[in-house]
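Remarks on the structure that follows.
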Amino acid sequence: MLLLACASVMATSRNRSDKVASPVHAGAPIRLTADAPKVTRTMVVRVSAKEKPAKPVAGELRIQAQAKWTPNDPAATAQPRLVITHFDTASNLGSQSGVLEPGVSVPVKSVGSLGSDCSMNSGCEWTVQVAFEVPANTVPGTADVEWTAQASAYVLGDSNVPKGFTVSLSEP
């Protein structure tokens, strides 16, 4: 009887649908230098569905970067960081960093929340700024960054994915 009760709780405790992901977006390569240590890209995530759910939609934006550091002085031993930050007009949505090594392609991943207040009735869209930065006061050099982005979204308060639920990601 206890096992049946536990299974019943597990079956009804799911409070969101499965995630639906956008196609992977390959961004243009970025070069960061002492003169231009920060580059920001604008990403737009849109969610649509044939059957619009009454519940709100939430999501996240994942950035995967490969960064190669080339110091101006080959004898330099300092290791700068690549910082990837997601933000909108109101707040910082997430930030991650990775230590760069000379001549080595280093992976840096970052995930930012898109929030949970998007209503499909009025259209569901998020505009997110993604900043790639090698903070100032590091050893002079160049970071070449190749990156991709992928968004995912899901319905809160409903375990079913609505018919025709799609997620798109673009860089205007």
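The values are calculated or read from the model by the stated rules, or taken from the named source; none is laboratory data. No experiment lies behind these values; they were computed from the predicted model shown. Reconstructed Cβ throughout: ideal geometry from the backbone, glycine too, with neighbour counts over all protein chains shown.
For segment 76-114, a residue qualifies if it is buried (at least 16 other Cβ atoms within 10 Å of the Cβ), touching a Ser or Thr at 6+ places or on another chain (Cβ under 7 Å) and assigned to a loop (DSSP other than H, G, I, E, B), and exactly one does: Pro80. Checking each residue in segment 50-80 for being at pLDDT below 95 and among the basic types (Lys, Arg) picks out Lys50, Lys52, Lys55. The residues of segment 115-131 that are farther than 29 Å from Ala76 by Cβ and surrounded by fewer than 19 Cβ atoms within 10 Å (Cβ to Cβ), listed by number, are Gly115, Ser116, Asp117, Ser119, Asn121, Ser122, Gly123, Glu125, Thr127, Gln129. Taking segment 115-131 as the range and being assigned to a helix (DSSP H, G or I), touching a residue at least 60 places away in the same chain (Cβ under 8 Å) and out of contact with any Pro (no Cβ under 7 Å at 6 or more places or on another chain) as the test, only Asn121 passes.
Pick from segment 52-75 the residues that are farther than 23 Å from Val20 by Cβ and outside any loop (DSSP other than H, G, I, E, B): which of them is nearest to the chain's Cα centre (by Cα)? Only one residue fits best here, namely Ala65. Residues in segment 132-160 that are crowded, with 16+ Cβ neighbours inside 10 Å and not in a strand (DSSP E or B): Val134, Thr138, Val139, Asp158.
In segment 123-130 there is no residue that is aliphatic (A, V, I, L, M) and out of contact with any His (no Cβ under 8 Å at 6 or more places or on another chain).
Cys6 meets all of the listed conditions (1) part of a loop (DSSP other than H, G, I, E, B); (2) at pLDDT below 95 but one, namely (1).
You will find that of Ala65, Ala58, the residue that is in contact (Cβ under 8 Å) with a residue 40 or more places away in the chain, under 23 Å from Pro162 (Cα atoms) and crowded, with 18+ Cβ neighbours inside 10 Å is Ala58 and no other. When restricted to residues that are within 30 Å of Ala36 (Cβ to Cβ) and either touching a helix residue (DSSP H, G or I) at 6+ places or on another chain (Cβ under 7 Å) or assigned to a loop (DSSP other than H, G, I, E, B) (or both), segment 161-172 contains 2. Tell me yes or no: at least one residue of segment 19-32 is more than 16 Å from Val108 (Cα to Cα), modelled with pLDDT of 90 or more and touching a Pro at 6+ places or on another chain (Cβ under 9 Å). Within segment 19-32, none of the residues are more than 16 Å from Val108 (Cα to Cα), modelled with pLDDT of 90 or more and touching a Pro at 6+ places or on another chain (Cβ under 9 Å). Comparison of Val139, Val145, Val111 shows that the only residue that is within 20 Å of Pro37 (Cβ to Cβ), in contact with a Lys or Arg (Cβ under 9 Å, 6 or more places away or on another chain) and not polar (S, T, N, Q) is Val145.
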